[in-house]
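In what follows, a single structure is set out as structure tokens and then discussed.
The values are calculated or read from the model by the stated rules, or taken from the named source; none is laboratory data. From a predicted model like this one, the values you see are computed outputs, not experimental measurements. Here the Cβ positions follow ideal geometry from the backbone for every residue, glycine too, while neighbour counts run over all protein chains shown. Calculation scope for accessible area: heavy atoms of the full protein, side chains included, ligands and nucleic acids excluded. Shrake-Rupley method; radii C 1.70, N 1.55, O 1.52, S 1.80 Å.
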Amino acid sequence: MSASIPGGRDLPTSQYNLSTYWGRVRHAADISDPRTLLVSSTGLEQAKGLVSSYKQNKLPHMTPELWSAKKTGGTLLWQIGNQSLNVAINNANANKSTPLSTSQIAKSYLMAVSASCSVALGLNALVPRLKKISPNTRLILGRLVPFAAVASASALNVFLMRGEEIRRGIDVYPVLSEEERAKREQSEDAEPVQSLGKSKKAATLAVGETAISRVLNATPIMVLPPLILVRLEKTKWLQARPRMVTPVNLGLVLATSLFALPLALAAFPQRQAISGSKLEEEFHGAGYEGMVEFNRGM
């Protein structure tokens with residue numbers, strides 16, 4: 001949202017230290033705050049006004065109100081998109097320097113769905129045939145089938161939806177010194193930092209890390225609630241109230257999702273800096289102290 005608001009001054013990326021894991025956790029928890037879904041149109045306009053004032057140098061420093069305004073519009077759209085299919089999420093959060101055609105998106109979607117269904121059906125058929133395990137173990141394995149399907153499909157979906165990035169590379173930018181960053185923040189007419197070129201190695205790293213973060217996100221959500229529910233179903237309270245099984249399960253999923261999402265998103269920096277010597281030769285020695293950066297996507 002902020003990119004469409006007039007003004008040449010760049011907004012700081014985050015109020016937290018994104019070079020540390022817990023800083024990224026706090027940032028991810030902040031941008032995924034569900035309370036942004038309750039912001040009214042009046043509140044959204046007020047947020048736009050604050051952001052515009054900062055970008056036009058009418059506000060000298062970031063304030064708590066301005067940090068809140070910065071996340072509102074983008075997080076609202078992100079929260080809605082996050083409830084959509086993985087294919088939509090991966091397409092929306094991919095590195096846009098290498099776009100996909102509509103036919104490629106449709107093909108990737110069908111392949112990802114097919115893979116997910118194949119894993120689920122295969123495991124559902126396999127688990128009942130495991131005769132040498134106890135009934136309770138078989139029950140637990142059966143409850144974990146959705147996790148295996150979701151985790152494998154989520155990782156595969158990332159590679160399918162963003163495979164073009166690996167084939168063609170993504171934009172790599174020079175890391176700026178502190179002096180250069182400060183100068184840009186104070187300038188109203190600073191030009192965007194120009195790309196140094198496209199890197200296939202950076203794309204492979206970006207897509208691989210995103211696939212891992214998808215599995216990290218799915219693991220607690222798809223593993224903890226079914227295991228906890230297995231124990232709760234043995235309690236007298238829930239046995240006496242079988243209709244509460246579904247609400248309890250949904251509550252467990254919701255609570256785990258709110259807890260797990262920031263931890264998974266923060267596993268890797270979204271704007272990632274790396275030594276140019278680890279990429280193609282054309283990036284060696286580029287950027288401040290030989291460092292370059294790229295947008296990993298989410």
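Remarks
- Among the candidates 123, 156, residue that is out of contact with any Lys or Arg (no Cβ under 8 Å at 6 or more places or on another chain) and modelled with pLDDT under 75: 123
- Hey, residue 213 under 21 Å from residue 262 (Cα atoms), open to solvent by less than 70 Å² (accessible area, probe 1.4 Å) and either within 28 Å of the chain's Cα centre (by Cα) or free of Cβ contacts under 8 Å to residues at least 24 places away in the same chain (or both) or not: yes
- Output for region 1-34, where each listed residue is modelled with pLDDT under 60, out of contact with any Leu (no Cβ under 6 Å at 6 or more places or on another chain) and of a type in the set (Ser, Thr, Tyr): 4
- Region 230-247: number of residues that are under 21 Å from residue 144 (Cβ atoms), assigned to a helix (DSSP H, G or I) and either open to solvent by 70 Å² or more (accessible area, probe 1.4 Å) or touching an Asp or Glu at 6+ places or on another chain (Cβ under 9 Å) (or both): 3
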